[in-house]
């Protein structure tokens, strides 16, 4: 099910911008809002977008004026579309023609959380031990759930194409688990997309690469522009996983990959990263 909202105007827009400003303040703090990298105070967002945390739904915020491009943004483990809204409002200025489509994951048992049920795109067995300074990329991953999530993203892409959006005006983005699924969906898309924007994530199923090619990789995938950002103090999804992903993408033939390291940043985001993301999106999705 999809819930569609118009971009806020008038007093509602000022309220949302105030919440976004508060988010910027929180992002400048040295510690992340929570262990999952998601802000806990989303009450104002849910007042304006009451369906934005409903499992397995899609929340869409339309641009202002002509809808000429779409960002499909996937949240992280334990997150929701509602938690993406403050980040979206920071990035959106000068991108008013861009609509944002934010799917909510299913709620599933998480092995790494002792089987507790929560929002996730796929199960995770465990996180690296904090004492392990350079853990390898995972080799035992929930590919069945990953494939299901990728198929869902492909359907969202097709929906945008059916609405008349050109494939090179569609960008896939995500945080943590959302980054992982965005990478897989971008690699395997039959369409030539506008790019991939990945925050604090990694390339899944990397152990299945053969002769420098990922099993999900199409013949044109390495033409995709990729933006990656990762904090070097991330103890959840290690900065080294991001660097390993960068090396793998280069080995897979990707030429246009930007990788940004954010000193002292843990498993979350902050203002300078969001500004870098906005600049990259402005290049990829200019007004038409």
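When the Kirkwood hydrodynamic radius is evaluated over all pairs of different C-alpha atoms of segment 126-260, what value in angstrom, to one decimal, is obtained?
Working: mean 1/r = 0.0662 Å⁻¹.
For segment 126-260, the Kirkwood estimate is 15.1 Å.
Quick check: pseudo-label points 7 Å beyond the Cα along Cα→Cβ at residue 94 and residue 161, how many nm apart are they?
Output for this residue pair reads 3.1 nm.
As a test, work out the antiparallel percent of DSSP beta bridges whose residues both lie in segment 154-260, rounded to the nearest 5.
Values: 1 of 14 bridges.
Among the beta bridges of segment 154-260, antiparallel pairing accounts for roughly 5 percent.
Can you give me the Rg/Rh ratio for segment 194-288, using Cα atoms for both radii and the Kirkwood formula for Rh?
Numbers: Rg = 13.9 Å, Rh = 14.0 Å.
Here Rg/Rh amounts to 0.99.
Give me the one-decimal nm value for the distance between modelled label points at residue 139 and residue 54, 7 Å along each residue's Cα-to-Cβ direction.
4.4
Every number here is computed from the coordinates shown, using simple stated rules; none is lab data. Being a predicted model, the structure only gives us computed values, none of them experimental. Quick reminder, even Gly has a Cβ in these numbers, built from the backbone with ideal geometry, and neighbours come from all protein chains shown.
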